[in-house]
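The values are calculated or read from the model by the stated rules, or taken from the named source; none is laboratory data. Here the structure is a predicted model, which means the values were calculated and not measured. Please note: Cβ atoms are built from the backbone with ideal geometry, for glycine as well, and neighbour counts cover all protein chains shown.
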């Protein structure tokens with residue numbers, strides 16, 4: 001009977017504390033245990049902790065990629081938390097488990113984010129799949145039964161993936177894109193609709209995407225009362241008093257709904273014309 005070879009401590013497999021220290025701000029500290037990278041830091045008055053668990057890491061995600069994932073967390077998660085965390089009672093302690101197990105890409109379970117060890121080996125620029133999963137952590141358990149459509153859970157996480165993409169979309173925009181209105185023709189399907197009303201109608205005083213987040217999180221409106229939910233989301237904005245169908249039709253008729261967002265052939269047309277990430281900074 002063959003006995004599996006023991007997994008060596010991470011320090012013997014290329015994980016070096018100095019690699020993290022070299023690319024993180026001084027206020028973020030890193031410590032290594034036998035099979036974990038443990039980090040903590042205070043940003044904007046909030047203390048965050050990240051544990052990268054490597055108990056089931058088989059080396060397919062490279063040490064350099066693990067450093068990038070650490071950088072992604074410290075750049076992306078505090079920004080999302082600053083905007084949505086209070087409304088979501090979101091966790092400030094996150095564990096990223098990199099593991100060679102049966103699921104396909106990545107998934108979230110509360111404050112636990114799981115990444116398949118082989119995914120970045122196959123798709124070496126898809127770091128922002130983790131931005132999507134971190135957005136689920138920020139959501140902190142939205143109840144699909146209390147949304148107009150349960151797909152809003154994934155639509156919001158994808159909107160965050162685009163708005164908060166690591167390094168301003170350096171990796172994300174080469175291969176991942178928001179679909180156009182032709183591919184996502186209803187608000188049940190549309191990620192881009194959220195980005196549209198956030199860009200054109202959110203203000204510093206009335207953050208519509210935060211209003212949307214709060215209404216989704218608070219479980220105030222069952223599906224049949226979501227006309228009231230939309231009224232609450234848009235209250236006090238230039239969209240107040242209009243039906244959600246009319247608002248979506250305005251979006252669908254705009255060039256914003258059709259301009260390409262992700263490309264390997266240079267800047268994306270949507271980003272060239274509209275600074276859609278301005279509210280995510």
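Points worth noting:
- Residue in the stretch 12-20 that is surrounded by fewer than 19 Cβ atoms within 10 Å (Cβ to Cβ), within 18 Å of the chain's Cα centre (by Cα) and either in the same structural domain as residue 210 (by TED's automatic domain parsing) or not in a loop (DSSP other than H, G, I, E, B) (or both) present: no
- Restricted to helices (runs of 4 or more DSSP H) entirely inside the stretch 171-281, those with at least 1 residues that are more than 21 Å from residue 86 (Cβ to Cβ) are 172-175, 192-201, 226-234, 244-252, 269-273.
- Qualifying residue in the stretch 254-264 (condition: modelled with pLDDT under 95, in contact with a helix residue (DSSP H, G or I) (Cβ under 8 Å, 6 or more places away or on another chain) and closer than 25 Å to residue 139 by Cβ): yes
- Top-ranked residue in the stretch 263-277 [being surrounded by fewer than 18 Cβ atoms within 10 Å (Cβ to Cβ) and within 20 Å of the chain's Cα centre (by Cα); ranked as farthest from residue 207 (Cα to Cα)]: 263
- Residue in the stretch 202-218 that is modelled with pLDDT of 95 or more and over 23 Å from the mean Cα position of the chain (by Cα) present: yes
- Number of the condition not met by residue 88 [criteria: (1) farther than 22 Å from residue 139 by Cα; (2) out of contact with any strand residue (DSSP E or B) (no Cβ under 6 Å at 6 or more places or on another chain); (3) surrounded by 18 or more Cβ atoms within 10 Å (Cβ to Cβ)]: (1)
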